[in-house]
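What follows draws every value from the coordinates through simple rules; no lab data is involved. All values derive from a computational prediction rather than experimental measurement. Counting neighbours? That spans all protein chains shown, and the Cβs are built from the backbone with ideal geometry, glycine included.
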Amino acid sequence: MSRLPVVAAAFFAVTVIQLLRADAPTALPTNTLKGAYAKNFEIGAAIPSPDTLNPQEVRLLATHFSSVTPENIMKPEAIQPVEGRFVFEASDRFVSDASKLGLQIHGHTLVWHSQCPAWFFREGDQDASRDLVLRRMREHIAKLVGRYKGRIARWDVVNEAIDDGEYFLRKSKWFKATGEEFIVEAFKAARRADPKALLYYNDYSIDSGAKREKAIRLIKLLKNRGAPIDGVGIQGHWTLDSVPYDEIEKAICDFAAEGLRVAITELDIDVVPRGSGAADVSAREKAAADPYPDGLPSDRLQRQADQYARLYALFRKHADKIDLVTVWGLHDGRSWLNYWPRARTNHPLFWNRALEPKPALQAVIDAARP
Ligand code: 9MR
């Protein structure tokens, strides 16, 4: 493969970073997200990689955020697509660009049922043994966490291991091969590789109902088994008009009562109705893929602003328990909700596609004022 795109990207990143350094002193801290919440918690965004952003996007990132999460490039399929072949080009650039921009890094993710290559679980034409699966997992974690030792502040060690339905743990390939052992061992391997990184269990919907109870059961199990867990990541993929504030507050308090830190790791507020889901490709569903072609109407923008502000006020109330609040995407044009569970034009974040601030930005900044 030609080296040209890599060289061009590196040159681009350096230029953008120089541009930002020249501009940095003029930013008014309290009018930025990270300035407004500087005394409370880190303010993060998930991004593909700094060198895939245009200069305006990098400026926005560096102005408003203090932490960055790699949206996809540190997942197992990206790092070790084939056994023993580690691919670190993109993650090396990510770590070096993020530190040049003064951003902390929240690593994502070491062990997940999704975006994980099949080879982890195979031995020839058979299922790999429990010991082999655990050995491969430990090696993957040792290499990846060890490579960035001291440079990645936190890791989502295990992602989404709790079952959505009747079971306690998801019947993933990890679970089928090892039972709950993979979770315990993943935390131990991460701690060995970087004793100072904070280690999180990360999942969606663990703020509410039965899944919160299962999360507490998992935390107790991990602590009993000597797994070095430091915190819980509440992902925070919520929907306009259905944000479960009381449940969220209870979850923050319950996790903290177990002696753990809390991070909000993947926050967004979806504003486009999902219909009946990914499989439904009826004409009616297609027509609804972009219900707001002229932009999100002002009443919806305002409700989204109010709901974000109420959330950040809640996070601030519990700032003694919360380390980090990260949004999943930099602006509306860079959200996974534009392509899941089907192609839609969504508006879940603080800036629109033209990078103009939406009412939510000021509302959240105002929510930080005493
Ligand atoms: O935002 C990510 C998207 O680009 C990927 O296609 C997708 C693959 O499954 O993963 C998305 O990120 C997920 C995250 O890693 C874990 N929690 C749910 C996020 C949204 O699906």
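Observations on the model:
- Around the amide H of Ile162, modelled in the peptide plane, lie the amide H atoms of Arg170, all under 5 Å away and 5 or more residues distant in sequence or on another chain.
- Distance from the range 164-192 to the range 52-131 (C-alpha centre basis), Å: 20
- Annotation: amide H of Asp207 has no partner in the under-5 Å range at sequence separation 5 or more or interchain, hydrogens built in the peptide plane.
- Peptide ranges 110-120, 319-329, 238-248 listed from the most packed, as the mean C-beta count within 10 angstrom indicates: 319-329, 110-120, 238-248
- For Ile47, the residues whose modelled amide H falls within less than 5 Å of its own, excluding neighbours fewer than 5 places apart on the same chain, are Thr69, Glu71.
- Entries in Lys100/Lys196; Lys220/Lys250; Lys250/Lys358 that, when Cα-Cα distance is taken, lie over 26 Å: Lys250/Lys358
- In terms of its alpha-carbon gyration tensor, the range 15-169 comes out prolate; a/c meets the 1.5 threshold, and the first ratio a/b outweighs b/c.
- Shape of the chain, Cα gyration tensor, a/c cut at 1.5: rounded
- Dipole magnitude of the range 81-134, debye to nearest 20 (Cβ charges: Lys/Arg +1, Asp/Glu -1, about Cα centre): 240
- Here's the picture: charge each Lys and Arg Cβ at +1 and each Asp and Glu Cβ at -1 in the chain, and of Pro117, Gly165, Asn346 the one pushed furthest to the positive end of that dipole is Pro117.
- Segment Arg130-Arg217, length gained on full extension (0.36 nm per residue, minus Cα span): 29.0 nm
- Segment Glu249-Arg369, extension gain: residue separation times 0.36 nm, minus the distance between their alpha carbons: 41.2 nm
- Estimated FRET transfer efficiency when R0 is 35 angstrom, pair Lys171-Lys196 (beta carbons, to 0.05): 0.55
- Across the range 251-268, computed HN-Hα scalar couplings (Karplus, 6.51 cos²θ - 1.76 cosθ + 1.60, θ = phi - 60°) run 4, 4, 5, 5, 5, 5, 5, 7, x, 9, 7, 10, 10, 9, 9, 9, 5, 7 Hz from first to last residue, x flagging Gly and Pro.
- Remark: for residue pairs Lys188/Lys321; Lys211/Lys321; Lys143/Lys173; Lys143/Lys321, the C-alpha separation exceeds 25 Å in Lys143/Lys321.
- For Tyr200, neighbours were defined as the other residues whose beta-carbon sits under 11 Å from its Cβ, and their charges (Lys and Arg +1, Asp and Glu -1) total -2.
- Counting 0.36 nm for each residue step from Ala319 to Ala38 and taking away their Cα separation leaves a gain of 100.1 nm.
- Shape call, the range 113-172: gyration tensor on alpha carbons, a/c limit 1.5: oblate
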